[in-house]
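One structure is given here, and the rest of the page talks about it.
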Amino acid sequence: MVKIDLTGCDAFIKPEVFDRYVNKALEAQAVLENQTGAGNDFLGWQHLPSETGQAEIDDCLSVVDSWLEREVDLVVVIGIGGSYLGAKAAIEALSHSFAAHLGSQGLKVVFAGENLSEDYTAELLDLVRLHNTACVVISKSGTTTEPAVAFRLLKRHLEETYGKEEACARIVAITDKARGALKSLSNQEGYKTFVIEDNVGGRFSVLTPVGLVPIALAGFDIEAMLKGAKDAEAALSQRSADNPAVRYAAMRNLLYDNGKKIELFASFNPKLQYLGEWFKQLFGESEGKDGKGIFPASVIFTTDLHSMGQYIQQGERILFETVVTVENAGREVTIPSDPQDLDGLNYLAGKHVEHCNRMAQLGTKMAHIDGGVPNLEIRIDRLDEYNLGQLFYFFEKVCGISAYQLGVNPFNQPGVEAYKKNMFKLLEKPGY
Ligand code: PA5
C-alpha cells in the first residue's frame, strides 16, 4: 500500500493540533463516503476499481486488438484537462524515457486537443501523414473547443486517407452517454463509443475508459492498474486515524491554515513529471474556489534544484513539499572507477546512480526542513501499473477528503467557464 511519512513536518506542528486536524479529516471522510457533501452526485469514482469487471476491461482491450489487426502504428489521443492528463501521466511514467527514439512497447500514442497552437497542430498533421493512424477522441461534455478543433482535423485526415468506412473503424469516442456534440456525431457516424458515467468528473476519470483505453493502447497492463486501485479503495476506506489518506489530508489543511499556501509536488524520478501535472489539475480544480485553496505546483528533482532550488530554500516561506518516492529503481547502473580520476569521482565508484539520487533526496529534505519547508513523503514500492493504480486512487481520495475539510465542493469547476465565455465572444460563436 502507498506509505506516507509525515516526520518531515514534525518541526512545524504540535502533535495535539495535528490530532485535531485528523479528527476533522475523519469527519470529512465520512461526508465523502456517506455522500452527504456538496457535489455528491459526482462520487462514482469512489467504487470504480471494485466495480469495473472483466467485460469492461475486455471492451477496452478490444480496441487494441482491432487496431493491431489493422497494423495501426500511431494513435492520436484527443482530449484536455481530465480527459487527457491521467493517460498522459500513466504513459509517461511507464514508458522508456527514450521511447520516442527507440520505439514504444505498444502502439505509439501522441496527444492532441490539449492546446490551440497552430504550430503544434500543423506538426501533428505532418506526423499522422507518415503513419498508419487511428484516433481516440475524449470529451465528457462533448463540446470542448480544443479537442473539437483537433478532432475535426483528424477526422478529415482519416477520411481522406482511408475512406469513410475505414476511418470509422479507426475512431473511438469516449463521451457522455446522451449529451453533447461528440455523442451525436458518434451516433451519426457509427463510431465505437465508451461512456463516461454522469457521476464521474473529468479529473477523477483516469480509471475509466478515459484513461484505460489510451493506457492499454500504449501497451500497459490496465488490469494490474485497476487491481492496485482496487486494493487502495479497500485500504483507504478504513475510518481510522492511521489511514494515510486521512493523515495526508489533515496535514495539508493544517499547513495551509498555518500560512503554507503552496504545495510543491516533487519527485526525484523524471518519469513522474506528468503525474505532477495530473496532481495539479486534480487539486487545483477541486480546491481552488471560494477564495480558498492550496496552490499546487510541481517540480522534478534534482533537475529543478538547479532552477527552483534557491526559491524553495530561501524565498517566501509559504511552501510545503510532497515528495513521491519510488523505493526501488527498475534498472541498475553502477558508476565505474577511473584509474586517472581526473573528474574526482572515484569516491562514487561502485555505487549505484540511485544511491546518489537517494542521498540527494535526503540532503534536500534536511536542507528544506532547515529552510522552513515542511516535507511530506509518499512512497510506492516500484513504478509499475499496480503501484500507479494505487497512487491515482490515493490522490483522488485525499483530494475528496481534503477539499471537504477545507469547506469547498471538490467536484465542480465554475471558474473554468470564465475564459471560455470571453473566447467564444471573441471568436463570434453564435449565441455569445
Ligand atoms: O476535470 C474536469 O472536469 C475538466 O478538467 C475537464 O476534464 C476538461 O475541462 C475537459 O472537459 P471535457 O471532457 O468535457 O472535454
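Brief remarks on what is shown
- Gly372 being on the phi > 0 side of the Ramachandran plot and either at pLDDT 95 or above or crowded, with 19+ Cβ neighbours inside 10 Å (or both): yes
- For region 8-18, the set of residues classified as touching a residue at least 40 places away in the same chain (Cβ under 8 Å) and either within 26 Å of Asn409 (Cβ to Cβ) or part of a helix (DSSP H, G or I) (or both) consists of Gly8, Cys9, Ala11, Phe12, Val17, Phe18, listed by residue number.
- Residue list for region 237-291, restricted to those being at positive phi and either among the β-branched types (Val, Ile, Thr) or assigned by TED's automatic domain parsing to the domain that holds Ala87 (or both): none
- Region 129-146 residues that are at positive phi, paired with ones that are more than 10 Å from the ligand (Cβ to nearest atom) and assigned to a helix (DSSP H, G or I) (beta carbon under 9 Å, 6 or more apart): Gly142/Ala181; Gly142/Lys183; Gly142/Ser184; Gly142/Leu185; Gly142/Ser186
Every residue, every condition in (1) away from the ligand (no atom under 14 Å from the Cβ); (2) part of a helix (DSSP H, G or I); (3) closer than 18 Å to Gly400 by Cα, yes or no:
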site	(1), (2), (3)
Ala173	no, no, no
Met225	yes, yes, no
Ala234	yes, yes, yes
Ala241	yes, no, yes
Met251	yes, yes, yes
Leu255	yes, yes, yes
Gly276	yes, yes, yes
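- If the condition is being farther than 15 Å from Lys192 by Cβ and either touching a helix residue (DSSP H, G or I) at 6+ places or on another chain (Cβ under 8 Å) or outside any loop (DSSP other than H, G, I, E, B) (or both), then region 127-140 contributes Leu127, Val128, Arg129, Thr133, Ser139, Lys140.
- Residue match in region 149-162 (condition: away from the ligand (no atom under 16 Å from the Cβ), assigned to a strand (DSSP E or B) and modelled with pLDDT of 95 or more): no
- Every condition in (1) more than 16 Å from the ligand (Cβ to nearest atom); (2) not in a helix (DSSP H, G or I) is met by Ala100 except one, and the failing one is (2).
- Members of region 237-254 found to be surrounded by 23 or more Cβ atoms within 10 Å (Cβ to Cβ) and of a type in the set (A, V, I, L, M), listed by number: Ala245, Val246, Ala249, Ala250, Met251, Leu254
- Region 193-223: number of residues that are under 21 Å from Ala181 (Cα atoms) and out of contact with any helix residue (DSSP H, G or I) (no Cβ under 7 Å at 6 or more places or on another chain): 2
- Per the conditions (1) within 13 Å of the ligand (Cβ to nearest atom); (2) of a type in the set (A, V, I, L, M, F, W, C); (3) in contact with a Leu (Cβ under 9 Å, 6 or more places away or on another chain), the sole criterion not satisfied by Val128 is (1).
- Lone qualifier among Gly39, Gly8, Gly44 - being more than 30 Å from Leu125 (Cβ to Cβ) and either in contact with a strand residue (DSSP E or B) (Cβ under 7 Å, 6 or more places away or on another chain) or among the acidic types (Asp, Glu) (or both): Gly8
- Figure legend. Inter-residue proximity from region 408-426: first residues under 24 Å from Asp198 (Cβ atoms) and touching a residue at least 12 places away in the same chain (Cβ under 8 Å), second residues within 11 Å of the ligand (Cβ to nearest atom) and basic (Lys, Arg), beta-carbon distance below 8 Å, spacing 6+ or different chains. No pairs are indicated.
- Residues of region 119-163 that turn out to be acidic (Asp, Glu) and surrounded by fewer than 15 Cβ atoms within 10 Å (Cβ to Cβ), as a count: 4
- Some residue of region 282-292 being surrounded by 13 or more Cβ atoms within 10 Å (Cβ to Cβ) and hydroxyl-bearing (Ser, Thr, Tyr): yes
- Condition met for Ser205 (over 30 Å from Ile401 (Cα atoms) and either near the ligand (Cβ under 10 Å from one of its atoms) or in contact with a Gly (Cβ under 9 Å, 6 or more places away or on another chain) (or both)): no
- Condition check for Ile91: crowded, with 22+ Cβ neighbours inside 10 Å and more than 16 Å from the ligand (Cβ to nearest atom): yes
The values are calculated or read from the model by the stated rules, or taken from the named source; none is laboratory data. Computed from a prediction, not measured in an experiment: that's the story for all the values here. Glycine also receives a Cβ, built like all others from the backbone with ideal geometry; neighbour counts cover every protein chain displayed.
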